[in-house]
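Asks: Just passing along the structure, written as structure tokens.
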Amino acid sequence: MNATLFATLVAIVKKDLLIEWRTRARLSALVFFSVAALLMFSFALGADIQTMRDHAGGYLWLGLLFASVLALSEAFRVEAENRALEAVLLTPADARAVYLGKALANALLLLLLGALLVPMMLVLYDVGLDGPLHALRLLAVVALGVFAISAPGTLLAAISTNAKSKDLLLPVLLFPLLVPVLLAAVKATALVIAGDPMGDAFTWLSLLVAFNVVYWALGFLLFPSVVDE
Amino acid sequence: MSAQAIQVDGVSKRYGARWALVRTSLQINAGESVMLTGHNGSGKTTLLRLMAGLTAPSVGALRVFDRDVVRERQAARTAVALLSHQSGHYDDLSAAENLRLHAALLGRDTQAIDELLARVRLRERADTPVRQFSAGMKKRLSLARVMLKRPKIVLLDEPFGELDPEGMADVETWIAEERKAGTTIVLATHWIDQGRRLSDREVRLTNGRLV
């Protein structure tokens, strides 16, 4: 008797997080890369404080987007190595649960990265927050955004993992799909940072929730066709 | 339960322009042990992967205990375990962690893991990351994973490869035990003497065709 969908999901999340912990050097490199990207953007903008504040949200999301491509590609490299994913699917684990587990683990990794990058962004771009509630609202936007990146990212990383030019293929497939997500995430982040007297952020957050629903559902339905020939 | 464990019905498999398997038909009864022989690239691994439901036939149908391996993939896979060239392990996890993952996916108790690791002579290396294992040790761990599943059908792709004489003897003993217990075995090997000792009949593949 094989495990239920939920038990499979939990086992895959635990496994992926354990591998991330074991390969902490990779995680450190990812953090370093993202911080370096934020620094580069701040250098490119020059010393204009107001411009930096205005664009802080955009640069935060660019840093997260570039880091996510590296993280997602790495998440499927460990599956392809030794054909470990095949052995998992032969148990026979439900491929949909494997998808949910991997996408959730990727989202948690990106969320951790986001939680590290937000304070960096605040310092580098001289953005002030009005207390812990303001910070929590910003983290909520980051959470919705990284979940919306992880869902299609995990599916496309699985598609591109066996391709010869997988490192090129993943961003080529992923970036166009993420344009509306990024737009909503950047707008929501900017509104949360600058203050939102008209309550416009809610519209963008609703859009992010909608993207999450669509992308997670699509991944759940399509992943078995991707991993089963 | 069907008397036929595996039914391969006119199966062909194409990779790009190359046909790896051509119009192959084969019936294997439940509890039977079949040795699959043939030169390198003759289609043995492809046939085993088709039986495991890891790849779909380009033409024809393949059933495992009356379950179609494409349409009823999940059910067909329940009956099958495959020991292949690739270890199927996560190199960054230890031997015990890899088995614990599979136990969780199988819904099995993790208490048997210690015993299984002892059986394949890896108990002392239970907490060592698989990345530090030799090829033979990885093969032993793969064998422990197959044992953990306790399948009705065991598909073995070169089970003696990369093993030392002690490991080969262990594998031979285990296959003999499984055969006695009534497990259906398909054994692809170049070790003809061992294979003949462990099988009821021999099937030969040449250039993707059954001879």
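Asks: Just the number, please: percent antiparallel of the DSSP beta bridges in the protein assembly as shown, rounded to the nearest 5. Please report the intermediate quantities before stating the final value.
Replies: On the way: 18 of 35 bridges.
Percentage antiparallel, nearest 5: 50.
Asks: Using each residue's phi in the range A:204-216, evaluate 6.51 cos²θ - 1.76 cosθ + 1.60 at θ = phi - 60° and report the 3J(HN,Hα) Karplus result to the nearest Hz, with x for Gly and Pro.
Replies: Couplings: 5, 5, 4, 5, 5, 4, 4, 4, 4, 4, 5, 5, 5 Hz.
Asks: Excluding ligands, DNA and RNA, what is the accessible area buried between chains A and B, summed over both sides, using a 1.4 Å probe, to the nearest 100 Å²?
Replies: So the buried area, both faces added, is about 2700 Å².
Asks: What does the charge dipole of the range B:68-211 about its Cα centre add up to, to the nearest 20 debye, if the Cβ of each Lys and Arg holds +1 and the Cβ of each Asp and Glu holds -1? If you can, show how the numbers build up before the last one.
Replies: Values: 24 positive and 22 negative charges, 98 e Å.
Computed about the Cα centre, the dipole is about 480 debye.
Asks: Sticking with this one: Leaving out ligands, DNA and RNA, what percent of the accessible area of the range A:3-228 is carbon and sulfur, probe 1.4 Å?
Replies: Exposed carbon and sulfur together represent 73 percent of the surface.
Asks: Would you be so kind as to list the residues of the range A:87-102 that have their accessible area lowered by at least 30 Å² in the full protein complex compared with their chain by itself (1.4 Å probe)?
Replies: Flagged in the range A:87-102: A:A87, A:V88, A:L90, A:T91, A:P92.
Asks: Further, regarding this structure: Of A:A80, A:V142, A:A29, whose Cα points farthest to the positive end of the dipole of the range A:3-228 (charges on the beta-carbon: +1 Lys, Arg; -1 Asp, Glu; origin at the Cα centre)?
Replies: The listed residue farthest towards the positive side: A:A80.
Asks: With a cap of 10 neighbouring Cβ atoms within 10 Å, and only residues DSSP puts in a loop, list the trypsin sites (Lys or Arg not before Pro) found in the range A:110-199.
Replies: Qualifying residues, ordered by number: A:K164.
Asks: Only counting protein heavy atoms at a 1.4 Å probe, give the residues of the range A:69-85, ordered by number, whose accessible area falls by 30 Å² or more when the other protein chains are present relative to the chain alone.
Replies: Listed by number, the residues meeting the 30 Å² cut-off are A:E81, A:N82, A:R83, A:A84.
Asks: What number, rounded to the nearest 500 deg cm²/dmol, is the helix-based mean residue ellipticity at 222 nm of chain A, given -39500 (n - 2.57) per DSSP H run of at least four residues and division by all its residues? Working shown, then result.
Replies: Numbers: 8 runs with 194 residues, N = 229.
-30000 deg cm²/dmol, from helical runs alone.
Asks: Now a separate question. Using only the alpha-carbon atoms, how far is helix A:5-22 inclined from the longest principal axis of chain A? Give it as 0 to 90 degrees, nearest 10.
Replies: Result, in degrees: 70.
Asks: Kindly write out, for the range B:7-22 in residue order, the coupling ³J(HN,Hα) from the Karplus curve 6.51 cos²θ - 1.76 cosθ + 1.60 (θ = phi - 60°), rounded to whole Hz, with x marking Gly and Pro.
Replies: 10, 9, 10, x, 8, 10, 9, 10, 10, x, 8, 9, 8, 7, 9, 10
Asks: What dipole magnitude, in Debye to the nearest 20, does the range B:97-143 give about its Cα centre under +1 on Lys/Arg Cβ and -1 on Asp/Glu Cβ?
Replies: 280
Asks: Related question: What accessible area per residue, rounded to a whole number of Å², is obtained for the protein assembly as shown using a probe radius of 1.4 Å? Intermediate results must be reported in sequence, preceding the final value.
Replies: On the way: 19220 Å² over 440 residues.
I get 44 Å² per residue for this part.
Asks: Quick one: accessible surface of A:M120, probe radius 1.4 Å, all protein chains present, in square angstrom to the nearest 10.
Replies: Number for this one is 60 Å².
Asks: Also: Can you pick out the pairs among A:K15/B:K152; A:K164/B:K139; A:K15/A:K102; A:K102/B:K152; B:K149/B:K180; A:K15/B:K149 whose Cα atoms lie more than 21 Å from each other?
Replies: A:K15/B:K152; A:K164/B:K139; A:K102/B:K152
Asks: Next question, about the same structure. Which order do the peptides B:118-124, B:14-20 come out in when sorted by mean C-beta neighbours inside 10 angstrom, highest first? Write down the numbers at each step before the final one.
Replies: On the way: B:118-124: 15.6, B:14-20: 12.3.
Ranking, from highest mean packing down: B:118-124, B:14-20.
Asks: Can you list which of the DSSP-assigned H helices in chain B have a Cα extent of 30 Å or more along the long axis and an average Kyte-Doolittle score of at least 0.0?
Replies: Both cut-offs are met by no helix.
Asks: Could you give the dipole magnitude of the range A:73-226 about its Cα centre, charging the beta-carbon of Lys and Arg +1 and that of Asp and Glu -1, in debye to the nearest 20?
Replies: Charge dipole, the range A:73-226, about its Cα centre: 300 debye, nearest 20.
Asks: Quick check: from the Cα gyration tensor, does the range A:8-88 come out rounded (a/c under 1.5), prolate or oblate?
Replies: Prolate, since a/c reaches 1.5 and a/b exceeds b/c.
Asks: Let me ask something additional. Enter the mean number of other protein chain beta carbons within 10 Å of the beta carbon of each residue in B:69-81, as an integer. If you can, show how the numbers build up before the last one.
Replies: Values: counts 0, 2, 0, 0, 5, 8, 1, 1, 7, 5, 1, 2, 3.
The per-residue average across the peptide is 3.
The values are calculated or read from the model by the stated rules, or taken from the named source; none is laboratory data. Remember, it's a predicted structure, so these values are computed and weren't measured experimentally. Cβ atoms come from the backbone with ideal geometry, glycine included; neighbour counts cover every protein chain shown. These area figures cover heavy atoms from the full protein model, side chains too; ligands, DNA and RNA do not enter into them. Shrake-Rupley method; radii C 1.70, N 1.55, O 1.52, S 1.80 Å.
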